[in-house]
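Here it is, the structure, as structure tokens.
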Amino acid sequence: MKKLILSAAIILGSLSVNAAVIPATNSTNLSLMIQDEYTEVQSDAIPAAVKSTIEKSFPKTKLEKAYVNEKKEYKLEISNGDKKYTIFTDTSGNIIKK
């Protein structure tokens, strides 16, 4: 009987040693988004290469608004029915991923 009580005490003691609380580490992720200043332009101020890219890559869409920044990158808001999309291109009509 003494051996049974002693072995139960040893088992319970060893279980409590393994049940140590691990402190949680709080990590903070900081992200910084740099936004280029875009100014709105008329659709006739957009280069022909950019217009061609829109027509070829996004058929049946309508150009809603166009913006340009000082790097001559274009931010184009297009729509297809009730869906709206924003794409970025350079002066040559190459699509830029942002």
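So if each residue of separation counts as 0.36 nm, and I subtract the Cα-Cα distance between Ser79 and Asp44, what length gain in nm does that give?
Fully extending the segment from Ser79 to Asp44 adds 10.8 nm.
Let me ask another. Going by how many other Cβ atoms sit within 10 Å of their own, how do Lys83, Lys65 line up, fewest first? Provide the component values of the computation, followed by the final result.
Numbers: Lys83 8, Lys65 15.
Taking fewest neighbouring Cβ atoms as first place, the list is Lys83, Lys65.
Where a number appears in this text, it was derived from the coordinates with a stated rule and is not lab data. No experiment lies behind these values; they were computed from the predicted model shown. Every residue, glycine as well, gets a Cβ built from its backbone with ideal geometry; the counts of neighbours run over all protein chains shown.
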